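Some notes on the structure that comes next.
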Amino acid sequence: MTQFIDALPGSCGWVSAAGETQPLVRLRNVTRTVRRPDNEELHILGGVDLDVRQGDHISIVGRSGSGKSTLLNILGMLDLPSTGTIEFDGVPVGNMGGNQRAVLRGAAVGFIFQQFNLLAERTALENVMTPLLYAKGRDFWRREKLASDMLGRVGLGSRLQEKPQRLSGGEQQRVAIARALVRSPRLILADEPTGALDIATGQSVMGLLAEVAEESGAALITITHDPNVAALAHSHYLLESGHLRLGSEAAA
Amino acid sequence: MSLTGIAGSLVEAWAELRTHKTRVLLALIGVALSVASLTTVVALADMSREALAQGSEASSGRPATLTVGAYPMNGEMGDPAPLREAFGSVVERYAVEYASLNLLTSVPFQFPDGVVQAETTVVGADYGVMRRVNLTSGAWFTETDGQRLAPAVIVNEAFYARLGSPDLAVDPVVRISNGTPVDAVVTGVRRNLWPEEPPAAYMLSEAYDRVGAVAAPGMNGPPMLELWVPEDLAEPLTAAIISDLSAQFPALQIDAYRADYAAWGDPYGGMQLAVGGIAGLVLLLGAVGLLNISMVTVKYRVREIGIRRSFGATSGRIFFGVMLESVVATFVAGLVGVMAAIAVAKLPAVQRQVAFGISELPPFPVEAALLGLGAATAVGALAGLIPAVVAVRVKVIDAIRF
């Protein structure tokens, strides 16, 4: 019988040296239901609870159609729950308007997609500069410097002017990582980040992602099919038919 | 929107245009051509209108020109001096800024090949401005010219040619063959009004009175007064002047009427409206082409819009960005179009057609250039509006999985 886990504060997260207890993201009883064309309701998520703290590295595995991407969209404030609550830094996201969420998302969340989703016909540098176009103040005006520094950090300092089509899959994903991290997000959401890469390249990219995320102190949530990628995380969850369980219990 | 927001939108729009150079260029060629046509048509129409108006003003005065005349009821004009004096009082009483006598007469001038009674218009110094008298050389009369001992005359090209085209810098003289001959100085040359115009001249009224030239029989018309007045005052002044002079000269029939081309409304308004309508249609075609390309582009860019939203672009930023892209592009196209229009309007062949017969060539109308730029920007905003709405409605989640 499936047992649901309440990921209560401290149960799976990381506690900072300063004794920080407030979760960065808190989901409580989150459900997501959509209406199908035949007017039937489809329950994608059924009462998910999750606390994510600064510095956490969480993996969520699950079969196709289990609701992984929907959960990631809710965590990234691209989507809202049908019922239940999501709080970011203690502030209920459900009360925010679309633009407020967009501004918060831009400043605090970095996305890495399976298909890289780089802007075609733009150089690596221009791609990494894109999130900084929505930043304010110094970050906006120094966007070129920040972006080239970040590309240097992912080992692409010499390929700033290359367009995506001239980069290998691994290099493209590194550009995507640089783009996700360039605004120093507090939460990094990676949706099947190695799905389009071979095993060795995937391992290397994930190693880099975990390293850069750890350096910045951001929380990293990875959705993956790959057990090797999941193994790099500190906490492991299984999403099954819209219900989230701690990985160790799922195995038991 | 904050400063960085505006700057960011501009950077984004410019980067987008740079990235899709070919597409943008193709779309913009249409807009630039439309704007060039619109601006050229409006500018040329405006310049021809100005040229026609200048021609009309030269022959019948600027709007509003009142012509005041007096005709004897019993066929005998009598001494015109009291009437001319009364004209002077009218000008003073109604504080008319520009006024001139207009007396058509003839004066016997001595040419190398004999004496010719040349048609001479006796005028005031303001006449040159009021009638836009078009001089090819020399200068129009000034008030002090009336005091010259040797009277100043301004002659037409035919007169000047018959004199042997002397250099005006050496104050060439022409003798007036009266009982007591008087040497007049030619101070200016006016363009011929038509190709075979016979010799003609202008003299200031003071000079004419002093010379006391004897007109050929039947060539001495009644003195007329011309007044250039604000259009809204033309009607009340007409009535006042008629009643004023009729009271002073009961034996004369006093006429005062507007003689300028605009007396019965703007005769060129209809032409401009028609030209504007055609130009508007041309621009509309350009706009539809641009809209078409913009719509296709937005559909192609759904994923990109989704990616931008996932990195913090607000719906306002997306809307403004797509819109601005269109506006920036059409503004640039507008500039190119307006420059092309100016180049066309400056072509000598075009200018000869537009401004035939006038030497004061109307400048390229600033309004046409502004209209072209404004229309281009408006087309950009309109053509950008629908794609911008489509872009805002893009569902981010679907878009990034597109």
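Of all residues in the stretch B:121-176, count the ones that are assigned to a loop (DSSP other than H, G, I, E, B), of a type in the set (D, E) and more than 15 Å from B:M203 (Cα to Cα). If you could, list the steps in order and put the result at the bottom.
Kept after step one, since they are assigned to a loop (DSSP other than H, G, I, E, B), are these residues of the stretch B:121-176: B:124-126, B:131-134, B:139-142, B:148-151, B:163-167, B:171-172.
This time we only want the ones that are of a type in the set (D, E), so: B:126, B:167, B:171.
With the extra rule that they be more than 15 Å from B:M203 (Cα to Cα), the set shrinks to B:167, B:171.
Result for the stretch B:121-176: 2.
State the number of residues belonging to the stretch A:144-198 that are open to solvent by 40 Å² or more (accessible area, probe 1.4 Å), acidic (D, E) and either touching a helix residue (DSSP H, G or I) at 6+ places or on another chain (Cβ under 6 Å) or part of a helix (DSSP H, G or I) (or both).
3
Criterion first (modelled with pLDDT under 90 and buried (at least 20 other Cβ atoms within 10 Å of the Cβ)) does A:S64 satisfy it?
Details: modelled with pLDDT under 90: yes; buried (at least 20 other Cβ atoms within 10 Å of the Cβ): no.
No, not satisfied.
For the stretch A:98-115, which residues satisfy the criterion of being at the interface with chain B (Cβ under 8 Å from one of its Cβ atoms), surrounded by fewer than 18 Cβ atoms within 10 Å (Cβ to Cβ) and either among the aromatic types (F, W, Y) or in contact (Cβ under 8 Å) with a residue 40 or more places away in the chain (or both)?
Selection gives A:A107 alone.
Listed here are the residues, each with its yes/no results for (1) in contact with a helix residue (DSSP H, G or I) (Cβ under 6 Å, 6 or more places away or on another chain); (2) more than 14 Å from every other protein chain (Cβ to nearest Cβ).
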{"residue": "B:A279", "(1), (2)": "yes, yes"}
{"residue": "B:L285", "(1), (2)": "no, yes"}
{"residue": "B:L291", "(1), (2)": "yes, yes"}
{"residue": "B:K299", "(1), (2)": "no, yes"}
{"residue": "B:G312", "(1), (2)": "yes, no"}
{"residue": "B:L324", "(1), (2)": "yes, no"}
{"residue": "B:G334", "(1), (2)": "yes, yes"}
{"residue": "B:A341", "(1), (2)": "yes, yes"}
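Criterion first (modelled with pLDDT of 90 or more, among the acidic types (D, E) and open to solvent by 10 Å² or more (accessible area, probe 1.4 Å)) does B:E143 satisfy it?
no
In the stretch A:48-97, which residues are closer than 19 Å to A:R183 by Cβ, in contact (Cβ under 8 Å) with a residue 60 or more places away in the chain and within 14 Å of another protein chain (Cβ to nearest Cβ)?
A:L72, A:L75, A:G76, A:F88
Could you please give the count of residues in the stretch B:146-159 that are of a type outside the set (S, T, N, Q) and either open to solvent by 40 Å² or more (accessible area, probe 1.4 Å) or free of Cβ contacts under 8 Å to residues at least 24 places away in the same chain (or both)?
Residues of the stretch B:146-159 of a type outside the set (S, T, N, Q): B:146, B:148-155, B:157-159.
Those left that are additionally either open to solvent by 40 Å² or more (accessible area, probe 1.4 Å) or free of Cβ contacts under 8 Å to residues at least 24 places away in the same chain (or both): B:148-149, B:157.
So the count comes out to 3.
Which of the helices (runs of 4 or more DSSP H) contained wholly in the stretch B:1-116 include at least 2 residues that are more than 14 Å from every other protein chain (Cβ to nearest Cβ), crowded, with 21+ Cβ neighbours inside 10 Å and touching a strand residue (DSSP E or B) at 6+ places or on another chain (Cβ under 8 Å)? If you could, list the steps in order and put the result at the bottom.
Numbers: elements: B:3-19, B:21-60, B:81-93.
Correct list: B:81-93.
Going by the structure shown, is B:G30 modelled with pLDDT of 80 or more, within 30 Å of A:T123 (Cα to Cα) and of a type outside the set (A, V, I, L, M, F, W, C)?
no
Looking only at the stretch A:199-215, count how many residues are of a type in the set (V, I, T) and buried (at least 23 other Cβ atoms within 10 Å of the Cβ). Spell out how you get there, then give the answer.
So the first thing to find is which residues in the stretch A:199-215 are of a type in the set (V, I, T), and the list is A:199, A:201, A:205, A:212.
Checking the rest, the ones that are also buried (at least 23 other Cβ atoms within 10 Å of the Cβ) come to A:205.
Residues meeting the conditions: 1.
Can you find a residue in the stretch A:80-92 that is in contact with a helix residue (DSSP H, G or I) (Cβ under 9 Å, 6 or more places away or on another chain), among the aliphatic types (A, V, I, L, M) and within 29 Å of A:P164 (Cβ to Cβ)?
No - not one qualifying residue is present in the stretch A:80-92.
The values are calculated or read from the model by the stated rules, or taken from the named source; none is laboratory data. Keep in mind that what you see is a predicted model, and the values were worked out from it rather than measured. No Cβ is skipped: glycine too gets one built from the backbone with ideal geometry, and neighbour counts run over all protein chains shown. Side chains are part of the model used for accessible areas, which takes the heavy atoms of the whole protein and leaves out ligands, DNA and RNA. Shrake-Rupley method; radii C 1.70, N 1.55, O 1.52, S 1.80 Å.
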